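The values are calculated or read from the model by the stated rules, or taken from the named source; none is laboratory data. These numbers come from a predicted model, not from an experiment. Reconstructed Cβ throughout: ideal geometry from the backbone, glycine too, with neighbour counts over all protein chains shown.
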Amino acid sequence: MTTSNDTIFTSVTMSGIGVTAVIFFRDAMTHMIPWLIASFPLIILDLNFGIKAAIARGENIRFSKGFRQTFGKIVEYFAWCAFAATASIAFERQWIEWAVLGAVYGNELSSIVGNYFETKGIELSFIDIIRLAFRKLAGKIDIEVGKEEAEEIIKPKPQRDAKGRFVKKRN
């Protein structure tokens, strides 16, 4: 008699765990959808400016490499969204989702901006972007920012030859 009771108890327990898991992942998927939708423009922009930056660097562009990197980025975004959504639901803290995906999307935006400026021949890092933003803010608060400080932030990118070596400018 205990064998049938054990079987019933095991069946009920496993069913309960399964239902709980399904509900948990359904909630996580509904949290992920807006973030995944927001990632597609970032992926397209990164692909576009990445190709232009590679052309500016004189690299050989292959469809297979671009496709592989873009598909890998889609998988990474799905994984980051899944991690952020499940952690947010598990710990019942919405800020976890915002912090994780804010860092991931912020990194992607800095890559897009860096590639964009690279196509223009300007070397600009993420730190330079933050400095520039603070300088712009300082200008709105009537703090004097001179031309020298602005040129210190935005500097022309050094030119390279076909082998990747720096080319010296002749005056």
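Observations, loosely collected:
- Some residue of the range 133-141 being loosely packed, with under 11 Cβ neighbours inside 10 Å, modelled with pLDDT under 75 and under 30 Å from Asn60 (Cβ atoms): no
- Number of positions in the range 68-117 that are of a type in the set (Val, Ile, Thr), under 18 Å from Asn48 (Cα atoms) and free of Cβ contacts under 8 Å to residues at least 12 places away in the same chain: 0
- Identity of the residue in the range 92-118, more than 20 Å from Leu132 (Cβ to Cβ) and buried (at least 18 other Cβ atoms within 10 Å of the Cβ), that ends up farthest from the chain's Cα centre (by Cα): Ile96
- Among the candidates Ile130, Ile61, Ile44, Ile55, residue that is over 30 Å from Thr20 (Cβ atoms) and under 13 Å from the mean Cα position of the chain (by Cα): Ile44
- Residue within the range 28-40 that is at pLDDT 80 or above and surrounded by fewer than 10 Cβ atoms within 10 Å (Cβ to Cβ) present: yes
- All positions within the range 120-129 that are touching a residue at least 24 places away in the same chain (Cβ under 8 Å) and either under 24 Å from Ile74 (Cα atoms) or surrounded by fewer than 17 Cβ atoms within 10 Å (Cβ to Cβ) (or both): Gly121, Ile122, Glu123
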